[in-house]
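> Let me begin by handing over the structure; questions about it come next.
The values are calculated or read from the model by the stated rules, or taken from the named source; none is laboratory data. Quantities reported herein were computed from a predicted structural model and do not represent experimental measurements. Quick reminder, even Gly has a Cβ in these numbers, built from the backbone with ideal geometry, and neighbours come from all protein chains shown.
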Amino acid sequence: MESFAYEAPDSLDAAVALLAERNQASIRTQILAGGTDMIVQLRSGDRSPRVIVDIKRIPETRSIILDDEGLLLGAAVSGAELSARDDVSARYPGLVEAADLIGSTQIQGRASVGGNLCNASPAGDTIPALIANGATCLIAGPEGSREVPVESFVVGVQRNQLEPGEFLVALRLPPAPPRSADAYLRFIPRTEMDIAVASAGVRVVLDADGVCSEARVAIGAVAPTALLVPEAAHALIGTRLDEAACQAAADASSAAARPISDKRGTESYRRKVVGVLTRRAAVIARDRALGGQA
Amino acid sequence: MKQHVSSTVNGEQMEFLCEPDETLLEALRDRLNLTGTKEGCGTGDCGACSVLLDGTLVCSCLVFAPEIEGRELTTVEGIASPEALHPVQRKLLEHAALQCGICTPGVVVAAKALLDANPNPSEEETRYWLAGNLCRCTGYDKIIRAVLDAAAEMRGAAP
């Protein structure tokens with residue numbers, strides 16, 4: 001008779017070995033980080049027995065390393081731990097504000113960016129912010145480790161590309177050079193504690209003359225997965241991020257959106273709003289990048 | 001197979017056995033008889049089961065009991081001293097900031113965590129901090145006034 005078990009390996013190697021062994025024995029495993037999605041799903045849906053593998057005692061999943069290489073963010077770092085790091089907020093304000101929008105104070109104490117990504121909700125707030133930043137996923141597994149871009153990690157509604165025995169260890173964000181900044185906006189019909197109707201993340205890099213040299217735009221809640229929108233980025237690159245350029249990016253986002261209609265918003269409404277959010281996020285990112293210059 | 005858990009609860013070393021997929025809320029209420037922590041929604045939306053895990057405010061319904069191995073937990077039973085209520089508790093009574101009382105333990109724990117982190121919160125900060133503690137009786141205003149009053153008293157400020 002199968003039953004539940006709880007394991008909390010304290011090293012990467014131990015976790016990989018444990019997952020490989022259980023996997024080989026055809027025992028179901030379930031990775032636990034903050035648990036704010038997983039525990040609810042486990043208790044309300046499929047309650048079949050499995051081994052819960054808590055990754056929070058592995059140092060690599062809990063560390064925040066900010067240096068010349070960029071940001072290395074452990075997959076199980078909570079929103080509260082991330083928000084407490086002013087140095088990270090200064091360089092990746094959009095990512096931190098995306099994480100900060102998720103849930104109440106209580107949820108912030110547990111929920112992680114890595115978990116938000118693995119849960120793979122179309123409306124996950126951190127996912128567009130990660131994609132806009134060009135973040136990659138560091139994955140550990142029985143065949144060794146691998147690194148994949150966030151935009152290809154999520155493959156469908158609540159589906160990611162982790163293979164059996166694999167788990168997300170950390171997220172890597174490229175460095176935030178001077179005159180660069182990101183921003184994330186979502187629309188919800190109330191002030192907080194809600195799920196995005198549409199969202200947009202934008203990251204820009206400006207040259208010494210204030211001309212945009214690099215840009216990435218990602219949109220959320222308007223397709224089965226968050227989308228990278230290269231056409232919106234192209235509309236920004238080479239401009240001073242003036243009104244016309246930001247509007248062109250907005251139009252590109254609206255065109256790239258493939259939303260559904262549901263109780264939170266109709267298809268045409270979402271398509272419109274995701275453009276507005278793209279334009280506003282681009283303006284915020286621009287102003288932040290210019291502000292950093294002064 | 002039952003899991004053996006050893007942790008510090010309200011300053012006391014405690015040990016208990018639980019199922020691997022049992023929530024901390026269930027273990028507190030049914031194994032440790034600490035029934036001050038209430039179950040509201042069981043999905044992390046209402047905050048009635050708020051506790052402090054290593055000082056961080058969390059919903060005990062969204063923590064597996066074995067996760068607290070070796071860690072420090074404070075529940076609503078650990079907020080008052082043996083001699084007196086915590087100012088947050090006393091002010092909630094003085095302001096009549098409860099009716100049915102189910103949300104109150106969670107409010108007490110969450111408000112204490114707020115005042116530990118920020119002794120002088122604005123009304124807006126207080127409302128945002130407590131947004132995860134649902135109360136269907138009071139309309140929140142009395143709760144917010146009670147918490148701000150407790151903060152003023154704890155700072156030694158005139159109300």
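> Scanning for something of a type in the set (Ser, Thr, Tyr) and either modelled with pLDDT under 95 or closer than 21 Å to B:Thr35 by Cβ (or both), does the range B:105-122 turn up at least one residue? Spell out the reasoning first.
The first filter runs over the range B:105-122 and keeps only residues of a type in the set (Ser, Thr, Tyr), leaving B:122.
Applying the additional criterion that residues be either modelled with pLDDT under 95 or closer than 21 Å to B:Thr35 by Cβ (or both) yields none.
Scanning the range B:105-122, I find no residue that is of a type in the set (Ser, Thr, Tyr) and either modelled with pLDDT under 95 or closer than 21 Å to B:Thr35 by Cβ (or both), so the answer is no.
> Another one. For the range A:1-45: of the residues being charged (D, E, K, R), loosely packed, with under 14 Cβ neighbours inside 10 Å and under 25 Å from A:Val77 (Cβ atoms), which is farthest from the other protein chains (Cβ to nearest Cβ)?
Checking each candidate, the answer is A:Asp13.
> Just one of the numbered conditions (1) surrounded by fewer than 15 Cβ atoms within 10 Å (Cβ to Cβ); (2) under 23 Å from A:Ala76 (Cα atoms) is not true of A:Gly220; which one?
(1)
> May I ask you to list the residues in the range A:58-109 that are out of contact with any strand residue (DSSP E or B) (no Cβ under 8 Å at 6 or more places or on another chain), among the polar types (S, T, N, Q) and within 14 Å of chain B (Cβ to nearest Cβ)?
Selection gives A:Ser83, A:Ser104.
> Follow-up. Considering only the range A:188-197, how many residues are under 14 Å from A:Lys263 (Cα atoms) and either away from chain B (no Cβ under 14 Å) or among the aliphatic types (A, V, I, L, M) (or both)?
Start the filter on the range A:188-197 by keeping residues that are under 14 Å from A:Lys263 (Cα atoms), which leaves A:188-189, A:194-197.
With either away from chain B (no Cβ under 14 Å) or among the aliphatic types (A, V, I, L, M) (or both) added as a condition, the list becomes A:188-189, A:195-197.
Here the count works out to 5.
> Can you work out which of the residues in the range B:101-128 that are more than 18 Å from B:Glu77 (Cα to Cα) and not charged (D, E, K, R) is surrounded by the fewest Cβ atoms within 10 Å (Cβ to Cβ)?
Of the residues in the range B:101-128, the ones more than 18 Å from B:Glu77 (Cα to Cα) are B:117-128.
If we keep only those that are not charged (D, E, K, R) too, we end up with B:117-122, B:126, B:128.
Details: B:Ala117: 15, B:Asn118: 13, B:Pro119: 12, B:Asn120: 12, B:Pro121: 20, B:Ser122: 10, B:Thr126: 21, B:Tyr128: 17.
Among residues in the range B:101-128 that are more than 18 Å from B:Glu77 (Cα to Cα) and not charged (D, E, K, R), the one surrounded by the fewest Cβ atoms within 10 Å (Cβ to Cβ) is B:Ser122.
> Okay, moving on. Take the range B:30-39 and flag every residue that is more than 19 Å from A:Leu42 (Cβ to Cβ) and either more than 13 Å from the chain's Cα centre (by Cα) or of a type in the set (D, E, K, R) (or both).
First pass over the range B:30-39, keeping only residues more than 19 Å from A:Leu42 (Cβ to Cβ): B:31-38.
B:Arg31, B:Leu32, B:Asn33, B:Lys38 - these are the residues of the range B:30-39 that are more than 19 Å from A:Leu42 (Cβ to Cβ) and either more than 13 Å from the chain's Cα centre (by Cα) or of a type in the set (D, E, K, R) (or both).
> Let me ask something else about it. So which residues in the range B:1-28 are away from every other protein chain (no Cβ under 14 Å), surrounded by fewer than 19 Cβ atoms within 10 Å (Cβ to Cβ) and not in a strand (DSSP E or B)?
B:Asn10, B:Gly11
> Could you identify the single residue in B:Thr43, B:Thr35 that is surrounded by fewer than 23 Cβ atoms within 10 Å (Cβ to Cβ), free of Cβ contacts under 8 Å to residues at least 40 places away in the same chain and farther than 20 Å from B:Gln89 by Cβ? Give the steps one after another, and end with the answer.
Working: B:Thr35 fails: farther than 20 Å from B:Gln89 by Cβ.
Checking each option against the conditions leaves just B:Thr43.
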